[in-house]
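Reviewing the structure listed below.
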Amino acid sequence: MTTPPDHGKRRKTRAEPPGQVRIQVPIIAVYKVHVTTGDMCLAGTNDHVFVTLVGTNGESERTELDNYGLDFCSDQTSTYTVNTHPMGHLLLIKLEKAQYLFLPENQWFCSKIVVETPEGEALLFPCHRWLTRGEVLELRGAKAMKASDDYHPLLIEHRRRELAKRCQLYQWKVYADGTTHITHFEESELPSEVRFSFSKGLEFTFSKEFAIAEVKLKGLFGSEESWESLESMKNTLTFKTSSTAEYLAEHWKDDAFYGYQFLNGVHPSMIRNCPHLPSNFPVTEEMVQPFLETGTSLKQEIQKGNIFLCDYKSLEGLPTRVVEGKSLPLTAALCLLYLDTAGTLKPIAIQLGQEPSEKCPIFVPSDPELDWLLVKIFVKNADSVIHQIISHLMKTHLLAEVFAVATMRHFPDVHPLYKLLTPHFRYTLQINAAARRALLGPTGLLARSTPGLEGIIELLRRHLAETTYSSLCLPDNIAERGLQNIPNFYYRDDGLKLWTAINSFVRAMLGLYYPTDDEVSGDVELQRWIQDIFTKGFLGNSSSGMPESFITVEAVVKFVTMVIFTTSAQHAAVNSGQFDYYSWFPNSPLQLRKAPPTTKGLVTMDTILETLPNIGDTVAFIISSLVLYKKYMDSVVLGSYPEERFCEPAAKRIIENFQKELSSIEERIITRNASLDVPYCYLQPSEIENSVSI
C-alpha cells in the first residue's frame, strides 16, 4: 500500500526584496471533533476529557473538550474544535479522562468520534468502550485493516501494542481437565467493555428476585415436601405464563406431543434416524406392531426411514449427586419413535438403560398408563440433562466463550473479523462467569440437578472428546442425523434458512477483505486465532475435524458462519423455549429422586410424585427457566449492528441486504406459524439475540 500524500509539507514562498523583514505566520488547521456518548444508563461523565490528534505530520497539542454547559451526557453528540498545524493523514486519536474537582470516579462510555478535517473529510473512529481516569485510549479509523494492510510505522506499532495488551488482559484458564478452557476472570473482575449494562444487570436481578418473592409468599421456596398432586403444581408462578406453556400443561401426557418435542421443543438436537436397531435395544415386531399402521412392519418402516431413535448412552455410569446417602437416579435411556403417514411422531418403545435384562425391560404404549407415563418422564429427565449440560451449556455458552476470548486475544479493533464478530460476543463473558458462580457453584442450580458438579464435569469431558466440527454446522448435522426429509421439523426448516442467510452475509463481507486464498494463508492474526480455538476449545483433538489453520477463503467463510450461527440462532433454539417446556416441570425434570421402574404394573400416582423433585427444587428450576426465557430491554437482535464499526459503503450495503433477507425469513415463519396449534418462534429473527447474553 502506498503512503498517503503529506498534506503538511511547507509551501514555497516568494523571495522578499532585500532589506525587507517578513513575519512568519504559523499555518493553523481547524479540525471539528464530534464526540458521541453511549445511550445506556450512566454512560456520561462529569470529568475532564482530553483529545490528541495524531497524523503523519505529528501530534496536536493535548486539547480539553469543553463547551458551555454540560458535556458528555448519555446519548449526546457534541462538537469541539481542535486548532493545530496540518496533521497530514490522520492516523490515531488519543483520549484521556481526568478528575473534575473532588468528584469520585465515574466511567465514560464513548461510542464514537467523527473528525472533520480541513480538507472536508469526515473520518469515523469507533470506540464503544468505557474510559477511566488515568487511561490513555488510542483509537484507529473505522476502515477495516488486516496486518498486511498497515503501512505506517505508528500504526504497525499501535497494532503490536494493542494485541500485547489484549493477550495480557484476556488469559485462558483450565476449568477442569478435558473441558474447554475459559476466561481467567471472575465475574467481579471482568473489564468494563464486556460487562452487563447497568439496566441489564438491574433487570436481570429484579426478574429473579420478583419470582422468588412470589414463591416465598406461597410458602414454596426451599420446601422439602413432595407435591400432593400434579394439579397442585399448576400456577406455581401466576404472574408469568405463555401460550406454549399452557398448551404443554394440558397435552404433556399425549404421545403425539411428546414426540413433537424432540423436533420442535427446546432440545431438537438429540433425535436421529434409525437405519437399524442397536443390538442392545432388542425391540421385536410383536412388541410394536400394535402401534404401527395396518399392513406394515417394523422392518419395513425402518427401511422407509420412518423409525427414529434417541440414545442417551453418554449418561451410562455417570456419577450423580448423593442425597440422604443415596445417588440420584439417571438412566442411559433409549427411546424408539415412529413417524406415521399423517406426519405424527410418537414413542413406541422405551428401555431405561443400555443393557436389557429382566430388571431393565422394554416398555411400550400398551403398558399400564402410569408405567408408560413414568418411563417417559425418565427419558425426558435424561434428555433435559443432555440439553442443559451439553446442547445448551457446552455447545453454545462455552464455545461462545472460547470464540470470544480468542477474538479478543488475536484481533485488534481494526481487523475485519473483530468488527464482524465482536457484536456476537456481547455479554457472553459475564453471563458465563455468572453461570459458573450461580449455577455451577457448590449450591448452584445445575449443581443441584441429578448429575451434580462431578457428573457435569465428567459429562462435559465425554461429549467434548466426541464433538465434531460437522456437528456444529447445521446442514452437516441434519444430514448426519438423517433428518433431511422428516416433515414438520420447523427447527431444521428455519435453521437452514438462517444458516444460508448468515453464510451469504459472511461470504460477501469476507470477500471485501480476502479476495484470494493467499490473503487468508498470509493473515498471521487469523491463523493464530483459529489455532487458539483449536487448542483451547477443542484441546487439539484432530479427530474432531476442527480446522487447525485456514488455507482457503471458503474455509474461513464456513467457520465464521458456524460461529455466528452458534452464538445467535443455535443458542436461541436451545434457550428461548426453556420456560415454555420447563415451567410444567414433570415434562422436563432436571432431577428425579426414586429409581426407575424395573417391573411393570407397580407404578402409582404416589410413585410419580415421590419420584419428581420436591417442591423447593421444582420452584428453583422453574424460576431459573423464567430468568433465562425473559427478553431483556437492551437486547440486540440478529442482524442489528447498532455499534457503527464499518465505514466502507460496500460493507454497509451488505449489512442492509442481510437485514432484508432476515425480514423475508421472518415473514415466512409468521405465515407458517399462523396455522399451527403450537407456533415455533424460537428461530424467528426478531426473537433471536445476536449473542449468548443470557
Exercise. What do you reckon, is residue 165 without any contact (Cβ under 8 Å) to a residue 12 or more places away in the chain and part of a helix (DSSP H, G or I)?
Worked result: yes
Exercise. Out of all the residues in region 69-96, which are exposed (fewer than 14 other Cβ atoms within 10 Å of the Cβ) and either touching a Cys at 6+ places or on another chain (Cβ under 8 Å) or closer than 16 Å to residue 33 by Cβ (or both)?
Worked result: 77, 79, 81, 83
Problem set entry | Residues being of a type outside the set (S, T, N, Q) and more than 16 Å from residue 595 (Cα to Cα) - total across region 320-354 | 14
Problem set entry | Residue within region 488-509 that is closer than 25 Å to residue 269 by Cα, touching a residue at least 12 places away in the same chain (Cβ under 8 Å), in contact with a Lys or Arg (Cβ under 7 Å, 6 or more places away or on another chain) and not in a helix (DSSP H, G or I) present | no
For this session: Find the residue count for region 596-655, including only residues that are basic (Lys, Arg) and not in a loop (DSSP other than H, G, I, E, B).
Result: 2
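Rundown of residues vs (1) closer than 30 Å to residue 495 by Cα; (2) not aliphatic (A, V, I, L, M), yes/no style:
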| site | (1), (2) |
| --- | --- |
| 549 | yes, yes |
| 554 | yes, yes |
| 595 | no, no |
| 611 | no, yes |
| 623 | yes, no |
| 637 | yes, no |
Problem set entry | Matching option when the condition is in a helix (DSSP H, G or I) and open to solvent by less than 30 Å² (accessible area, probe 1.4 Å), among 550, 559 | 559
For this session: All but one of (1) open to solvent by 50 Å² or more (accessible area, probe 1.4 Å); (2) of a type in the set (Lys, Arg); (3) touching a strand residue (DSSP E or B) at 6+ places or on another chain (Cβ under 8 Å) hold for residue 160, so report the exception by its number.
Result: (3)
Exercise. What is the residue count in region 510-521 for residues that are touching a Lys or Arg at 6+ places or on another chain (Cβ under 9 Å) and either buried (at least 19 other Cβ atoms within 10 Å of the Cβ) or at pLDDT below 95 (or both)?
Worked result: 2
For this session: Identify, by number, the condition in (1) of a type in the set (Val, Ile, Thr); (2) open to solvent by 30 Å² or more (accessible area, probe 1.4 Å); (3) farther than 30 Å from residue 415 by Cβ that residue 637 doesn't meet.
Result: (3)
Exercise. What number of residues in region 572-591 are touching an Asp or Glu at 6+ places or on another chain (Cβ under 8 Å) and either hydrophobic (A, V, I, L, M, F, W, C) or open to solvent by 10 Å² or more (accessible area, probe 1.4 Å) (or both)?
Worked result: 2
Exercise. Can you pull out the residues in region 416-430 that are closer than 25 Å to residue 655 by Cβ, in a helix (DSSP H, G or I) and touching a helix residue (DSSP H, G or I) at 6+ places or on another chain (Cβ under 9 Å)?
Worked result: 416, 417, 418, 419, 420, 421, 422, 424, 425, 428, 429
Problem set entry | Residue tally, condition touching a Phe, Trp or Tyr at 6+ places or on another chain (Cβ under 6 Å) and either without any contact (Cβ under 8 Å) to a residue 60 or more places away in the chain or among the hydroxyl-bearing types (Ser, Thr, Tyr) (or both), over region 584-643 | 5
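This table checks each residue for (1) assigned to a helix (DSSP H, G or I); (2) of a type in the set (Phe, Trp, Tyr).
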| site | (1), (2) |
| --- | --- |
| 341 | no, no |
| 350 | no, no |
| 355 | no, no |
| 378 | yes, yes |
| 381 | yes, no |
| 384 | yes, no |
| 400 | yes, no |
For this session: Among the residues of region 309-325, count how many are crowded, with 20+ Cβ neighbours inside 10 Å and part of a helix (DSSP H, G or I).
Result: 1
Exercise. Of the residues that make up region 300-308, is at least one surrounded by 23 or more Cβ atoms within 10 Å (Cβ to Cβ) and in contact with an Asp or Glu (Cβ under 7 Å, 6 or more places away or on another chain)?
Worked result: yes
Exercise. Got at least one residue in region 175-183 being under 20 Å from the mean Cα position of the chain (by Cα), modelled with pLDDT under 95 and within 17 Å of residue 429 (Cβ to Cβ)?
Worked result: no
Exercise. Of the residues that make up region 674-693, is at least one open to solvent by 30 Å² or more (accessible area, probe 1.4 Å), out of contact with any helix residue (DSSP H, G or I) (no Cβ under 9 Å at 6 or more places or on another chain) and part of a helix (DSSP H, G or I)?
Worked result: no
For this session: Name the single residue, out of those in region 182-216 being assigned to a loop (DSSP other than H, G, I, E, B) and open to solvent by less than 30 Å² (accessible area, probe 1.4 Å), that is farthest from residue 539 (Cα to Cα).
Result: 197
Exercise. Within region 436-453, can one find any residue that is part of a helix (DSSP H, G or I), β-branched (Val, Ile, Thr) and open to solvent by less than 30 Å² (accessible area, probe 1.4 Å)?
Worked result: no
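The values are calculated or read from the model by the stated rules, or taken from the named source; none is laboratory data. In this text the structure is predicted, and so the values were computed from the model without any measurement. So basically every Cβ, Gly included, is an ideal-geometry build from the backbone, and we count neighbours across all protein chains shown. Calculation scope for accessible area: heavy atoms of the full protein, side chains included, ligands and nucleic acids excluded. Shrake-Rupley method; radii C 1.70, N 1.55, O 1.52, S 1.80 Å.
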